[in-house]
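Participant: Dropping a structure here in structure tokens format, bear with me for questions.
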Amino acid sequence: MAAFPDNFLWGAATAAWQVEGAHDEDGKGLSIWDVFSHQPGTTYQDTNGDVAVDHYHRFREDIALMAEMGLQSYRFSISWPRLLPAGRGEVNEAGVAFYSDLIDALLANNIEPMITLYHWDLPQALQDEGGWESRATATAFVEYARLCYARYGDRVKRWATFNETIVFIGHGYITGSHPPSVNNTARAIQACHHVFVAHALAVQAFRNTDIQGEIGFVNVLQPHTPLTQSAEDIAATELADAIHTHWFYDPILKGAYPEELLEQTQRLWGVPQCEPGDMALLRDNRCDFIGLNYYRRETVAANPGETSTQANHSGERQSAGEFGFKGLFKFVRNPQGVYTDWDWEIWPQGLTDGIMMIKARYGDIPIYITENGLGAKDPIVDGEVVDDPRIDYLRMHIDALENAIAMGADVRGYYPWSFIDLLSWLNGYKKQYGFVYVDHTQNLARKRKKSYYWYQNVIASHGEQ
Ligand code: BGP
């Protein structure tokens with residue numbers, strides 16, 4: 001018998017900018033990703049989300065495919081500038097209606113919506129006023145969150161405030177590969193603090209509604225393993241844990257920054273500057289659940305060399321240089337590792353270990369696996385998309401999840417990334433994740449992949465596979 005609890009949810013995930021398209025239709029304002037991706041050279045092959053996979057116009061067709069698959073829950077994000085084109089103030093009712101119709105269509109098919117309020121597409125109008133570096137953006141976020149609660153809270157029970165702060169802040173303000181494309185650690189730390197404050201304020205606002213539901217936060221789960229047992233590599237790994245993991249979980253789940261690191265950042269850069277009451281606000285407004293996005297682990301070594309933040313966006317193996325920070329740590333190839341074409345190590349055990357790490361450090365917080373999946377160039381054989389490597393990847397990770405549950409973790413749902421092939425932020429359309437294939441040569445026609453039927457069985461058998 002599978003070890004999944006009776007009410008465990010089998011879901012799948014997407015995000016607004018990656019699927020919707022209609023980037024300037026029906027009164028929508030531009031997001032930072034609309035503007036950034038129109039600048040040549042920022043994304044792989046200059047792809048942008050103007051059309052994406054046209055989910056905005058085809059959501060009924062997509063939901064019919066979800067229903068046929070037996071999907072129990074769908075995690076999607078709301079585009080903030082579709083609801084509030086200027087980030088605050090005037091409401092775009094056509095945008096509100098789109099998500100309302102989407103939610104109704106999901107519920108009519110017995111699919112529970114899970115909303116992510118912020119999956120990176122900040123209104124450009126707010127970026128022009130300072131973006132996350134400005135505390136006013138946190139206030140605007142709460143206005144936006146309240147609007148969503150008011151319009152959808154009667155029908156939606158599961159909410160997440162932010163998706164992966166480390167990614168949009170780290171790449172937005174340190175590596176510069178995401179908008180607003182800054183390279184400044186001090187500015188990153190301050191912007192990140194405002195995100196944490198925005199999260200806590202939005203949780204507080206949620207608890208002041210009468211919504212019968214739960215609110216959480218979605219983080220990257222990325223275990224780190226030292227390359228060798230040398231003191232230097234172990235110290236580098238501990239540092240990677242503190243910087244990449246604890247910094248992003250502790251404020252949300254404990255209401256405090258990791259102490260040592262906080263002392264260092266304040267000594268070096270004088271940040272984060274907290275207003276009185278910020279940490280109490282975080283402590284008093286902790287999440288009902290934590291969402292974990294798990295794809296890979298990183299092998300870590302000491303880095304006596306220079307800072308280099310390259311990544312493989314082409315899908316050509318080992319085509320990019322190193323990723324690491326001078327004097328701190330670097331991510332290196334695991335000589336025994338199995339890797340994807342984008343050089344992400346496939347390591348299912350990391351899902352079990354990561355969940356158990358969360359449980360050990362933060363106690364018994366309910367967990368959803370809000371993303372997990374394989375980015376690949378799927379082969380087409382006789383007109384069928386035969387994505388066996390994806391099936392293998394997901395099967396191994398479901399086993400790993402089952403192990404964590406058997407070890408006492410409170411995991412309540414699994415949302416593979418992604419329901420449908422979509423636009424990968426920096427990697428274009430070549431990096432496919434979906435159960436459903438989108439044919440870009442045939443007017444974006446949808447086609448069920450082999451993994452679609454496989455996951456249909458997983459759901460029907462409640463994880464027996
Ligand atoms: C996560 C994001 C998703 C998705 C996924 C795969 O970090 O939350 O939006 O993009 O990663 O990443 P990529 O598209 O870079 O392969």
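Participant: Sum up the charges of everything whose Cβ sits under 9 Å from the Cβ of residue 387, counting Lys and Arg as +1 and Asp and Glu as -1, but leave residue 387 out.
Facilitator: Net of charged neighbours comes to +1.
Participant: Working out 0.36 nm times the residue gap between residue 229 and residue 136, then minus their Cα-Cα distance, what length gain in nm do you get to one decimal?
Facilitator: Numbers: separation 93, 0.36 × 93 = 33.48 nm, distance 4.59 nm.
So the extension gain works out to 28.9 nm.
Participant: How much length would be gained if the chain were fully extended between residue 361 and residue 442, taking 0.36 nm per residue of separation minus their Cα-Cα distance, in nm to one decimal? Working shown, then result.
Facilitator: Values: separation 81, 0.36 × 81 = 29.16 nm, distance 4.93 nm.
Full extension of this stretch gives 24.2 nm more.
Participant: If you wrap a convex hull around the alpha carbons of region 268-360, what volume per residue comes out, as a whole number of Å³?
Facilitator: So the per-residue hull volume is 170 Å³.
Participant: Ok, one more. If R₀ is 30 angstrom, what is the calculated FRET efficiency for the pair residue 457 and residue 212, using the beta carbon separation as r and rounding to 0.05?
Facilitator: Here the calculated transfer efficiency is 0.40.
Participant: Between rounded, prolate and oblate, where does region 310-465 land on the alpha carbon gyration tensor, with a ≥ b ≥ c its root eigenvalues, rounded for a/c under 1.5, else prolate if a/b exceeds b/c?
Facilitator: oblate
Participant: Also, I was wondering about something else. Using Cα pairs under 8 angstrom and six or more residues apart, how large is the relative contact order of region 313-453, in percent? Walk me through the numbers on the way to the answer.
Facilitator: On the way: 197 pairs, mean separation 33.2, N = 141.
RCO, region 313-453: 24 percent.
Participant: How large is log10 I(q)/I(0) at q = 0.23, 0.25, 0.28 Å⁻¹ when the Debye formula is applied to the Cα atoms of region 16-90, each weighted equally and without solvent?
Facilitator: -1.04, -1.13, -1.26
Participant: Over region 13-118, what is the mean sequence separation of C-alpha contacts under 8 Å (at least six apart), divided by residue count, expressed as relative contact order in percent?
Facilitator: With pairs under 8 Å counted, the relative contact order is 33 percent.
Participant: Before rounding to the nearest 500, sum -39500 (n - 2.57) across all DSSP H runs of length at least 4 in the chain and divide by the residue total; then give [θ] at 222 nm in deg cm²/dmol.
Facilitator: -11500 deg cm²/dmol
Participant: Oh, and also: Would you count, across the chain, every pair of lysines whose alpha carbons are under 16 angstrom apart, provided the pair is eight or more residues apart or spans two chains?
Facilitator: 8
Participant: Further, regarding this structure: Stretch residue 183-residue 110 to full length: gain in nm at 0.36 nm per residue minus the Cα-Cα span?
Facilitator: The span from residue 183 to residue 110 would gain 21.8 nm if fully extended.
Participant: When DSSP beta bridges are limited to those with both residues in the chain, what percentage is antiparallel, rounded to the nearest 5?
Facilitator: 35
Participant: Let me ask something else about it. What is the chain's relative contact order, in percent, from Cα pairs under 8 angstrom and six or more apart in sequence?
Facilitator: 17
Participant: Turning to a different aspect of this structure: Find, to one decimal place in angstroms, the Kirkwood hydrodynamic radius of region 81-147, where the mean of 1/r is taken over every pair of different Cα atoms and then inverted.
Facilitator: Numbers: mean 1/r = 0.0771 Å⁻¹.
So the Kirkwood estimate lands at 13.0 Å.
Participant: A further question on this structure: If you line up the Cα atoms of region 84-216 on their principal axes, what length do they span on each, largest first, in Å?
Facilitator: Each principal axis gives a Cα extent; for region 84-216 these are 47, 27, 25 Å.
Participant: Right, next: Give me the Å³ per residue figure for the convex hull around the C-alpha atoms of the chain.
Facilitator: 139
Participant: Then there's this: Show me 344-355, 205-216, 190-201 ranked by packing, highest mean number of other Cβ atoms within 10 Å first.
Facilitator: 190-201, 344-355, 205-216
Just so you know, all these numbers are worked out from the coordinates, no wet-lab data involved. Nothing here was measured: the structure is a model prediction, and the numbers come from that model. Methodologically, a virtual Cβ is constructed for each residue, glycine included, from the backbone with ideal geometry; neighbour enumeration extends over all protein chains shown.
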